[in-house]
Amino acid sequence: LIYRTRGDLDGAEEMFEKSLAINERLGRREGMAASFGNLGLIYRTRGDLDGAEELFEKSLAINERLGRREVMAAAYGNLGLIYETRGDLDGAEEMFEKALAINEQLDWREGMANASGNLGSIYRTRGDLDGAEEMHEKSLAINERLGRREGMANAYGNLGLIYETRGDLDRAEELFEKSLAIDEQLGRSKGMADQYANLGSIYQARGDLDRAEVSWRKARDLYAEVGIEHRVKEVQGLLDSLVESTESN
């Protein structure tokens, strides 16, 4: 988990594989489920959605047999993120709603914060900005009460995307900066990359192409550092278009 937070996906995968191998030899199904789930997170971060889905399904199946509802909720949330990435918003929403329902029944606040944030992202994609804002504000409030800085960083970033969509670039920038500051303190390379990418879009919208280029270069390099190749290509595309627009002018 330490390696994954730092963005060292190869190191994290090695540790999770060791954990899985030991749990399998001991027949510890609870530990196997945890290892499958953690490996799924690695695959999803790399963009291997099929591999991630298979691992999350394995984790979910074990936890269902064991009756571990809290972990089932996390598995539903992870599957929802897979569906969301594929563009299956209905499937994603169904998974997030299942996760939220279990977390509310268990009064597990951390899970409620995650599920609320995930639903907020679905609403934003559908264009329901008010609904999305409400969900992300709920997530932020819970994370603040729990002192979960990683969750706070995610919520600030998601709220920034809503304000950016509304055209309130100043407020969006403020929220992206808040998220970035927390991610820097925590050493969350992927989170930092996300916020540099978001800030680059703000600068581009204002016509400040030099700052946009600097931010996108930082984002690209951080994505490359943690091995998220599909995001490297996306940001490189933004940089290439920036160069083309500058040359045409």
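The values are calculated or read from the model by the stated rules, or taken from the named source; none is laboratory data. Here the structure is a predicted model, which means the values were calculated and not measured. Heads up, the Cβs are rebuilt from the backbone with ideal geometry, glycines too, and the neighbour counts pull from every protein chain shown. SASA here: full protein model, heavy atoms, side chains in, ligands and nucleic acids out. Shrake-Rupley method; radii C 1.70, N 1.55, O 1.52, S 1.80 Å.
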Checklist outcome for this item: Out of 93, 173, 225, a Gaussian network model of the chain with alpha-carbon springs under 10 Å gives the largest mean-square fluctuation to 225
Checklist outcome for this item: In whole angstrom, largest first, the equivalent ellipsoid semi-axes that the Cα gyration tensor gives for segment 1-121 are 23, 18, 13
Checklist entry - Say each of residue 30 and residue 61 gets a label point 7 Å from the Cα, pointing the same way as Cα to Cβ; how far apart are those two points in nm? => result 2.2
Checklist outcome for this item: CD proxy, 222 nm, the chain: helix-only mean residue ellipticity via -39,500 (n - 2.57) per DSSP H run with n ≥ 4, per residue, nearest 500, stands at -30000 deg cm²/dmol
Next on the checklist: Could you tell me the extents of segment 49-114's C-alpha atoms along the three principal axes, largest first, rounded to whole Å?
Outcome noted: 30, 22, 16
Checklist entry - Carbon-plus-sulfur fraction of the accessible area of segment 79-123, 1.4 Å probe, in percent? => result 44
Checklist outcome for this item: With Cα springs under 10 Å, the Gaussian network model of the chain assigns the largest mean-square fluctuation among 160, 40, 131 to 131
Next on the checklist: Please enumerate, by chain and number, the aspartates and glutamates with C-alpha under 17 Å from the C-alpha of residue 18, excluding those fewer than 8 residues away in the same chain.
Outcome noted: 8, 10, 30
Item to check | Euclidean distance between Cα centres, segment 1-68 to segment 118-180, Å | outcome: 28
Next on the checklist: For segment 118-169, what does the convex hull of the Cα positions come to per residue, in cubic angstrom?
Outcome noted: 61
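When the Kirkwood hydrodynamic radius is evaluated over all pairs of different C-alpha atoms of segment 127-200, what value in angstrom, to one decimal, is obtained? Don't skip to the answer; put the middle values down first.
Working: mean 1/r = 0.0829 Å⁻¹.
Computed over segment 127-200, the radius equals 12.1 Å.
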Item to check | Cα-based reach from residue 233 at 17 Å (exclusive), listing aspartates and glutamates while leaving out same-chain residues under 8 positions away | outcome: 48, 194, 213, 221, 225, 244
Next on the checklist: Shape verdict for segment 10-54, please, from the Cα gyration tensor: rounded (a/c under 1.5), prolate (a/b greater than b/c) or oblate.
Outcome noted: oblate
Next on the checklist: Given contacts defined as C-alpha pairs under 8 Å and at least six residues apart, what's the relative contact order of the chain, whole-number percent?
Outcome noted: 12
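What ratio of Cα Rg to 2.2 N^0.38 Å holds for the chain? Present the calculation step by step, with values, prior to reporting the outcome.
Working: Rg = 18.7 Å, N = 249, 2.2 N^0.38 = 17.9 Å.
In units of the globular-protein estimate, the chain measures up at 1.04.
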Checklist entry - To the nearest whole percent, what portion of all C-alpha pairs in segment 159-249 is separated by more than 15 angstrom? => result 57
Checklist outcome for this item: Comparing 23, 198, 114 in a Gaussian network model of the chain (Cα, 10 Å), the one with the largest mean-square fluctuation is 23
